[in-house]
Amino acid sequence: MKKWTPQEIDILKEWYGKITIHDIVQRYLVDRNFLSIKHKAARLGLVSHLTRKINYITIDSKMCPKCDTTKSAQEFYTSSCHSDNLSSWCKTCVINSKRTERNNNKEKYRTLDHNRYIVNREAWLIFFIKYYGNSPICQICSKELTWQSTTNGNAHNTVNWDHRNEYSASVTMVPSSWLNSHICNNSNQATWLSFDFGILCGSCNQFLPTNKREEWLEKALEYTRSNYGTRV
């Protein structure tokens, strides 16, 4: 696939989400196909609110040419590229085909995955600087931190994301893992902000327990006060 030109990117940004991808190809980007536009839009963080209704009432079943088996419509992925709104192959064949392709080209996909990870990490970094500022500070000890390597590792001078409220946090996985597994687009950026993570240095993040923080802090304060006057 040839490289996208600045003119093509401008056209995609202008029309994506306003008209269907099919119309974009027919009118403006005749050298592109549905999948290339879909993938490029995802990399640019473009969001489309246009949906194509799929009526399963008139499509009860379909034959998969890959396994030569007739299956119910629910056994196929939805696809607006086809007149019946269903993918050509069934879900099982699609999954097996992708798995075989990756197994036969491990080095290729390892490189692609790594490059995709690097690009996505840099996109999140730009978002963090824009939203939180260029000089993050630990919200407990006020230590100056850096954004470098914020999506992996727990160095004491880099940002550590913290579940500041164990009862209201809407994600239970490690924040850095969530970042690595989600592309940096408008939707995921809004989801990230809804988590309301705190910014801590590595030392403060390791110091605080994950669960029952208020109880732990109260006991720590009680212990400190009860033993402060007994020192010789």
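Each reported figure results from applying straightforward, stated rules to the coordinates on display, with no laboratory input. What you see is a predicted model, and the numbers here were worked out from it, not measured in a lab. Quick reminder, even Gly has a Cβ in these numbers, built from the backbone with ideal geometry, and neighbours come from all protein chains shown.
Give me the net charge for the shell around Asn96: Cβ to Cβ below 12 angstrom, other residues only, Lys and Arg +1, Asp and Glu -1. Spell out each step's value before the answer.
Details: positive: Lys66, Lys91, Lys98, Arg99, Arg102; negative: Glu101.
Neighbour charge sum, excluding Asn96 itself: +4.
Take the alpha-carbon centre of segment 11-31, take the same for segment 179-214, and report the distance between them in whole Å.
Rounded to whole Å, the Cα centres lie 36 Å apart.
Using only Cα positions of segment 61-104, each an equal point scatterer, no hydration layer, compute I(q)/I(0) via Debye at q = 0.16, 0.33 Å⁻¹ and quote the log10 values to two decimals.
-0.40, -1.14
Could you rank the peptides 33-46, 95-108 by their average count of other C-beta atoms within 10 Å per residue, with the highest value first?
Ranking, from highest mean packing down: 33-46, 95-108.
Hey, can you rank 192-201, 135-144 by average C-beta count inside 10 Å, highest first? The partial results should precede the final answer.
Numbers: 192-201: 17.3, 135-144: 14.3.
So the peptides 192-201, 135-144, ranked by packing, come out 192-201, 135-144.
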